[in-house]
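Each reported figure results from applying straightforward, stated rules to the coordinates on display, with no laboratory input. From a predicted model like this one, the values you see are computed outputs, not experimental measurements. Virtual Cβ from ideal backbone geometry, glycine too; neighbours counted across all protein chains shown.
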Amino acid sequence: MDVVLEVKKVSKIYGTNNHVFQALKDINLEMIKGEFVGIMGPSGAGKSTLLNILSTIDVPTSGSIRINGYKVNEMNENDLADFRRDRLGFIFQDFNLLDTLTVKENILLPLALANANPKVIENKLKQVATTFGIEPILERYPYEISGGQQQRTATARAIVTNPDLIFADEPTGALDSKSALNLLQTLKKLNEQEQASIMMVTHDSFAASFCSRVLFIKDGAIFSEIRRGEQSRKEFFQQVIHVLTVLGGGGHHDVI
Ligand code: ADP
Ligand code: MG
């Protein structure tokens, strides 16, 4: 089994002198290619800090991170920029689409930046547009489409380069429940059919129940971990809620 992510003793300390705060404490974890990992935990637990550090947007105070064998915490800023563009995918809560580009242009931006061959670009566009059901809106601008369509566009953009690892921070946070379900089903499909490796931070148990494994973080440390295994999604949902209850605080247990 290919290890896509290997995290060893990662710590993060914010501030200096009298105002230091340890946001992450000796985090160890491993992700196998094709896993869909959820990160949950109360507000302020360190979820976004962890995701930002693993996705190379921020740097750890100590510890090491390997993505597909590459020691990302030892790369210089130039190499890291190329690495992010070519090998990582990002999905944010607020979509982060460029308003001056059409849906099609937004999706193809990472390939254009990587100077991909036009034929490759055209084929890839067809493929992702079908996967995400966005063929009819390819020529529209972000402000002309719904929030759900914007997030599907942002997700299509995140996966268009076949990244080694996709990071998502609260991707359903700004969506209505129908659009959220649609996005989660699409992520699950990418995960199952294309072996996409996905790490998703969420405070929503329903979203977490689509994962194959969920890590719970409390006070900057991994508190617990559960795997879906042979359970149905609803059974896993109940298990997520149970751990959140033990963990205390944070979870929203509204939808199923
Ligand atoms: P979560 O995403 O789980 O809600 P965060 O990772 O955003 O939590 O934050 C974890 C802790 O680190 C919080 O107590 C937060 O206040 C603190 N923190 C986050 N970013 C900074 C920063 N840039 N400087 C100082 N403290 C920070
Ligand atoms: Mg956060």
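Structure summary
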read-out: Gaussian network model of the chain, springs between alpha carbon atoms under 10 Å - residue of THR16, THR100, THR202 with greatest fluctuation; value: THR16
read-out: Overall Cα dimensions of region 1-47 - principal axes, largest extent first, Å; value: 45, 22, 11
read-out: The chain: calculated mean residue ellipticity at 222 nm from DSSP helix runs of at least 4, using -39500 (n - 2.57); value: -11500 deg cm²/dmol
read-out: Cut-off under 5 Å, modelled amide H: who pairs with ILE91 long-range; value: PHE167, ALA168, ASP169
read-out: Sorted by Cβ density within 10 Å, fewest first, the residues GLU139, GLU170, GLU6; value: GLU139, GLU6, GLU170
read-out: Shape metrics for region 70-196, restricted to C-alpha atoms - Rg then Dmax, Å; value: 14.3, 43
read-out: Relative contact order, percent, the chain [alpha-carbon distance under 8 Å, six or more residues apart]; value: 26
read-out: Solution diffusion estimate, µm²/s, Stokes-Einstein, region 118-256, Kirkwood Rh from C-alpha pairs, 10 °C, viscosity 1.306 mPa s; value: 98
read-out: Over 32 Å between alpha carbons, listed pairs LYS119/LYS178; LYS124/LYS218; LYS8/LYS189; LYS9/LYS33; LYS124/LYS234; LYS188/LYS218; value: LYS119/LYS178; LYS124/LYS218; LYS124/LYS234
read-out: Tail weight of P(r) past 21 Å, computed on alpha-carbon pairs of region 1-84, percent; value: 31
read-out: Rounded Å value of the spacing that divides the Cα centres of region 57-124 and region 139-214; value: 16
read-out: 0 to 90° range, to nearest 10: angle between helix 177-194 axis and the chain longest Cα axis; value: 90
read-out: Overall Cα dimensions of region 1-151 - principal axes, largest extent first, Å; value: 53, 32, 29
read-out: Kirkwood Rh, Cα atoms: Rg over Rh of the chain; value: 0.96
read-out: Angle in degrees between helix 77-87 and the longest Cα principal axis of the chain, rounded to the nearest 10; value: 70
read-out: Neighbour cut-off at most 13 other Cβ (10 Å), DSSP loop, chymotrypsin sites (Phe, Trp or Tyr not before Pro), region 1-85; value: none
read-out: Distant-in-sequence amide H partners of SER62 (H built 1.01 Å from N, under 5 Å); value: SER11
read-out: Region 204-238: GluC sites (Glu not before Pro) in DSSP coil with no more than 16 other Cβ atoms inside 10 Å; value: GLU230
read-out: Helix 233-247 axis, angle to the chain major axis (alpha carbon atoms, nearest 10°); value: 40
read-out: Only Lys, Arg (+1) and Asp, Glu (-1) charged, at Cβ; the chain dipole about Cα centre in debye; value: 340
read-out: Net +/- balance of residues flanking MET40 in space, Cβ distance below 12 Å, scoring K and R +1, D and E -1; value: 0
